Amino acid sequence: MSKVAIVTGGTRGIGYSVAKQLLDLDYTVYIFGTIDRTEEELQSVKYADFNYMRLNVSDYKFVKESFKCIYEKQGRIDVLVNFAGITRNKKIKFMTEIVWKDVIKVNLDGTFWTVKQTSKYMMKNKGGGIVNISSVVAHKTVIGQINYSSSKAGVETLTRSSALELEKYNIRVNSVSLGCIDTDMLSSLGKIDDIIEVMPLNRLGDVQDVSDFVCFLLSDKAKYITGQNFIIDGGLSL
């Protein structure tokens, strides 16, 4: 029986790349997302073990039911990768309650709900691996992203705390803080040349740079690593 992986925010970009790489490693993969991609696009990846579920991770009831459904069907959950996240940039004086809560609910609450549900099933299987995705803005202050940076700083603390709680069940939990990675989301912000100019490595990160490292953290090659945060930003936070 193949191992089972769940990738939230897995319908595009880095999350999609990680999902496909896990497929190549013989995982049965479930990707969760709210981004509209047609079933034809998702099914164009010719794997029988590739599954898509439309899911907002901030909806705890739906998360609970979805994870239960996967476990009952597959009999195991081995890996969770949390890419689901949103930005709603506002300076403090313009920040509304809704904008603040929307970001916290998805980025921080959603990460907690998925870790909570996944770890419950990993305990039954006596082990598993979790990677939560953070951001370099949890370390390097950016004006107008107080909600986003706060949520990602929370994700890193959540990672350390859950790693400590779950280590006795052989469940490893780590996080990765991303800098400027070459994705459609980054391209939509514009001023890419200005961003590259301040990068010590003089280039954007590649999606493969991230997916390779995430899959390494989930592998037996990293079996002695837990509770750690790793920064992949080309030196931007130096």
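The values are calculated or read from the model by the stated rules, or taken from the named source; none is laboratory data. Keep in mind it's a predicted model, so treat the numbers as computed, not measured. All Cβ positions, even for glycine, are placed from backbone atoms using ideal geometry, and neighbour counts span all protein chains on display.
Put simply, of ARG172, ARG160 the only residue that is in a strand (DSSP E or B), basic (Lys, Arg) and in contact with a strand residue (DSSP E or B) (Cβ under 9 Å, 6 or more places away or on another chain) is ARG172.
Checking each residue in region 134-175 for being of a type in the set (Phe, Trp, Tyr) and under 19 Å from VAL99 (Cα atoms) picks out only TYR148.
Taken together, the criteria place ILE77 among residues that are closer than 25 Å to TYR224 by Cα and either over 14 Å from the mean Cα position of the chain (by Cα) or exposed (fewer than 15 other Cβ atoms within 10 Å of the Cβ) (or both). Candidates ILE98, ILE70, ILE92: the one that is more than 17 Å from the chain's Cα centre (by Cα), touching a residue at least 60 places away in the same chain (Cβ under 8 Å) and over 23 Å from LYS223 (Cβ atoms) is ILE70. Scanning region 131-157 for residues being touching a residue at least 24 places away in the same chain (Cβ under 8 Å) and either in contact with a helix residue (DSSP H, G or I) (Cβ under 7 Å, 6 or more places away or on another chain) or crowded, with 19+ Cβ neighbours inside 10 Å (or both) gives a total of 16.
A single entry from VAL99, VAL45, VAL29 fulfils the requirement of being in a loop (DSSP other than H, G, I, E, B) and either among the aliphatic types (A, V, I, L, M) or modelled with pLDDT of 95 or more (or both): VAL45.
Note on region 118-129: residues that are in a helix (DSSP H, G or I) and over 15 Å from the mean Cα position of the chain (by Cα) amount to 7.
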